[in-house]
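A.B. asks: I'd like to ask you about the structure that follows.
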Amino acid sequence: MEWAALLLLALALCALLYLLGRWLLGLDGDLTLLWAEWRGKRPENELPDKVVWVTGASSGIGEELAYQLAKIGALVVLSARRENELERVKQKCLEISNLSSKDILVLPLDLTDRSSHEAATKTVLQHFGRIDVLVNNGGRSQRSLFVDTKVEVYAAIMELNYLGTVSLTKHVLNHMVQREKGKIVTMSSVMGIMGAPLATGYCASKHALQGFFNSLRPELGEYPEIIITTICPGPVQSKIIHNVFTEDLSKSLDNTGDQSHKMPTDRCVRLTLVSMVNDLKEAWISDHPYLAVCYLWQYAPTWAWWLMNKMGKIRIQNFKSGVDADISYSQKKKA
């Protein structure tokens, strides 16, 4: 009887571990974030009438952020370089929400033109009187091997992704310090936590953002109502892949490949808004295997390096074959 009881206990434990494993494999965010989604504050209750400035709002995650914010009833500032695309996004925001035209400000902005950031901030303040949330979403990714990439590409990536973001944050933060409240939400990446081939410059820029905002956060300790949130998405169905840096500034990516295996943009944005309203300091938003690698990178870096070396070879092979770099190890890979 004792052996039978032990066998039943072992079977029950195996079943429990199996169910736990299946549950963990189905997660698309870190545990703190998913707890906040389940039991925390809801964006629909926290964001109506808040002034939210979104950079990179003409496509991808930024565009979807604009739509979800508009539906909630937030007052939105849309910034990117292409004014015609911003007007398109604004028009759709008006169609899907109860906002009026004056509730959505189209503000063309080039993050690399740092001399324009002070005036842009003043324009927002003149229009709305305040900035409740700045979402630093503007930036570009990369697909190129280091041995083939010109140094000028790395300078351009850092100027846009890092220095442009720091510059705009500086001007908006001055306003928030005067009010003693506000939120700065920055779209980093899982590449800001780990490293990956084909994105050496992009990873460097995101690591720089992580270091900057992780250092800025405790500097603002005397302003407890100024919240710094860093979002780390994995691969998302975003148009960012269509505008990546390659080995030469004048060259675009010839073949972007199928993107359908990646996380839907609307899901990424929903979890971003949950992170924002629940004042999370850092949130990981990704399907596996990247989410699992984030945990390995934090708690078992030797195993993370072993896995990344395996994944890295596949990324490079995919890139050279003209398909999306991440498709072979995606959970949602098509047959």
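A.B. asks: Identify, please: which residue in the stretch 183-207 is assigned to a strand (DSSP E or B) and of a type outside the set (S, T, Y) and is, among those, nearest to A57 (Cα to Cα)? Give the derivation first.
C.D. replies: Our first condition is that a residue be assigned to a strand (DSSP E or B); within the stretch 183-207, this holds for 183-187.
Add one more test, that the residue is of a type outside the set (S, T, Y), and what stays is 183-185, 187.
Values: K183: 18, I184: 16, V185: 14, M187: 12 Å.
In this case the residue turns out to be M187.
A.B. asks: Right, another one. Within the stretch 136-148, is there a residue that is among the aliphatic types (A, V, I, L, M), modelled with pLDDT under 95 and more than 24 Å from the chain's Cα centre (by Cα)?
C.D. replies: First pass over the stretch 136-148, keeping only residues among the aliphatic types (A, V, I, L, M): 145, 147.
Cutting the leftovers down to modelled with pLDDT under 95 gives us 145, 147.
Then drop every residue that is not more than 24 Å from the chain's Cα centre (by Cα), which leaves 147.
For the stretch 136-148, residues among the aliphatic types (A, V, I, L, M), modelled with pLDDT under 95 and more than 24 Å from the chain's Cα centre (by Cα): present.
A.B. asks: I would also like to ask the following. Starting from residues that are of a type in the set (G, A, S) and over 23 Å from S238 (Cα atoms), keep the ones in the stretch 92-149 and report whichever is surrounded by the most Cβ atoms within 10 Å (Cβ to Cβ). Steps first, please.
C.D. replies: Within the stretch 92-149, the subset of a type in the set (G, A, S) is 97, 100-101, 115-116, 119-120, 129, 138-139, 141, 144.
Checking the rest, the ones that are also over 23 Å from S238 (Cα atoms) come to 100-101, 115-116, 119-120, 129.
Details: S100: 8, S101: 11, S115: 8, S116: 16, A119: 10, A120: 21, G129: 8.
So, considering only residues that are of a type in the set (G, A, S) and over 23 Å from S238 (Cα atoms), the one surrounded by the most Cβ atoms within 10 Å (Cβ to Cβ) is A120.
A.B. asks: Taking the stretch 163-182 only, how many residues are among the basic types (K, R) and either buried (at least 22 other Cβ atoms within 10 Å of the Cβ) or assigned to a helix (DSSP H, G or I) (or both)? Let's see the steps before the verdict.
C.D. replies: First, the residues of the stretch 163-182 that are among the basic types (K, R): 170, 179, 181.
Applying the additional criterion that residues be either buried (at least 22 other Cβ atoms within 10 Å of the Cβ) or assigned to a helix (DSSP H, G or I) (or both) yields 170, 179.
Count: 2.
A.B. asks: If you don't mind, there's one more thing I want to ask. Only one of (1) under 22 Å from H117 (Cα atoms); (2) at pLDDT below 95 fails for V77. Which number is that?
C.D. replies: (2)
A.B. asks: Could you check the stretch 121-161 and list, in sequence order, the residues that are in contact with a Gly (Cβ under 9 Å, 6 or more places away or on another chain) and of a type in the set (S, T, Y)?
C.D. replies: If the condition is that a residue be in contact with a Gly (Cβ under 9 Å, 6 or more places away or on another chain) and of a type in the set (S, T, Y), then S144, T149, Y154 are the ones that fit.
A.B. asks: Can I ask one more? From the set of residues in the stretch 18-34 that are surrounded by 11 or more Cβ atoms within 10 Å (Cβ to Cβ) and more than 19 Å from the chain's Cα centre (by Cα), which is modelled with the lowest pLDDT?
C.D. replies: Let us first name the residues in the stretch 18-34 that are surrounded by 11 or more Cβ atoms within 10 Å (Cβ to Cβ), namely 24-25, 27-34.
In the following step, the residues that additionally are more than 19 Å from the chain's Cα centre (by Cα) were identified as 24-25.
Working: L24: 57, L25: 61.
Out of the qualifying residues, it is L24.
A.B. asks: Could I ask something else about it? Going through the stretch 217-238 one residue at a time, which ones are in contact (Cβ under 8 Å) with a residue 40 or more places away in the chain and not in a loop (DSSP other than H, G, I, E, B)?
C.D. replies: R217, I226, I227, I228, T229, T230, I231, C232, P233, V236
A.B. asks: Sticking with this structure for a sec: Can you name every residue in the stretch 74-93 that is in contact with a helix residue (DSSP H, G or I) (Cβ under 7 Å, 6 or more places away or on another chain) and under 17 Å from L47 (Cα atoms)?
C.D. replies: Residues satisfying the conditions are L75, V76, V77, L78, C93.
A.B. asks: Another one. Please verify whether Y154 is part of a helix (DSSP H, G or I) and within 16 Å of the chain's Cα centre (by Cα), treating the condition exactly as stated. Working first, answer last.
C.D. replies: Numbers: part of a helix (DSSP H, G or I): yes; within 16 Å of the chain's Cα centre (by Cα): no.
So Y154 does not fit the description; no.
A.B. asks: State whether the residues of the stretch 121-130 include one that is in a loop (DSSP other than H, G, I, E, B) and either within 21 Å of L47 (Cα to Cα) or out of contact with any Phe, Trp or Tyr (no Cβ under 9 Å at 6 or more places or on another chain) (or both). Break it down into steps so the answer makes sense when it comes.
C.D. replies: Taking the stretch 121-130 as the starting set, the residues that turn out to be in a loop (DSSP other than H, G, I, E, B) are 129-130.
Checking the rest, the ones that are also either within 21 Å of L47 (Cα to Cα) or out of contact with any Phe, Trp or Tyr (no Cβ under 9 Å at 6 or more places or on another chain) (or both) come to 129-130.
Yes: the stretch 121-130 contains one or more residues that are in a loop (DSSP other than H, G, I, E, B) and either within 21 Å of L47 (Cα to Cα) or out of contact with any Phe, Trp or Tyr (no Cβ under 9 Å at 6 or more places or on another chain) (or both).
A.B. asks: Report yes if some residue within the stretch 200-220 is in contact with a Leu (Cβ under 8 Å, 6 or more places away or on another chain) and of a type in the set (D, E, K, R); otherwise report no.
C.D. replies: no
A.B. asks: When residues of the stretch 39-58 are filtered for being surrounded by 20 or more Cβ atoms within 10 Å (Cβ to Cβ) and not basic (K, R), how many remain? Break it down into steps so the answer makes sense when it comes.
C.D. replies: Taking the stretch 39-58 and keeping what is surrounded by 20 or more Cβ atoms within 10 Å (Cβ to Cβ), we get 43, 47, 50-58.
When the remaining residues are screened for being not basic (K, R), the result is 43, 47, 51-58.
Residues flagged as surrounded by 20 or more Cβ atoms within 10 Å (Cβ to Cβ) and not basic (K, R) within the stretch 39-58 amount to 10.
A.B. asks: Name the single residue that is farthest from the chain's Cα centre (by Cα) among those in the stretch 59-91 being buried (at least 24 other Cβ atoms within 10 Å of the Cβ) and in a loop (DSSP other than H, G, I, E, B).
C.D. replies: Ranking the candidates gives A74 first.
A.B. asks: Okay, moving on. Taking helices (runs of 4 or more DSSP H) that do not extend beyond the stretch 246-335, which have at least 3 residues that are at pLDDT below 85 and farther than 28 Å from L33 by Cα?
C.D. replies: On the way: elements: 265-277, 290-299, 301-321.
Where helices (runs of 4 or more DSSP H) fall fully within the stretch 246-335 and carry at least 3 residues being at pLDDT below 85 and farther than 28 Å from L33 by Cα, they are 301-321.
A.B. asks: Inspect the stretch 168-188 for any residue being modelled with pLDDT under 95 and either touching a helix residue (DSSP H, G or I) at 6+ places or on another chain (Cβ under 9 Å) or of a type in the set (D, E, K, R) (or both) and give the result as yes or no. So that I can check it myself, show each step before the final result.
C.D. replies: Initially, the stretch 168-188 is screened for residues modelled with pLDDT under 95, giving none.
No.
The values are calculated or read from the model by the stated rules, or taken from the named source; none is laboratory data. Keep in mind it's a predicted model, so treat the numbers as computed, not measured. Don't worry about glycine lacking a Cβ; one is built from the backbone with ideal geometry, like all the others, and counts go over all protein chains shown.
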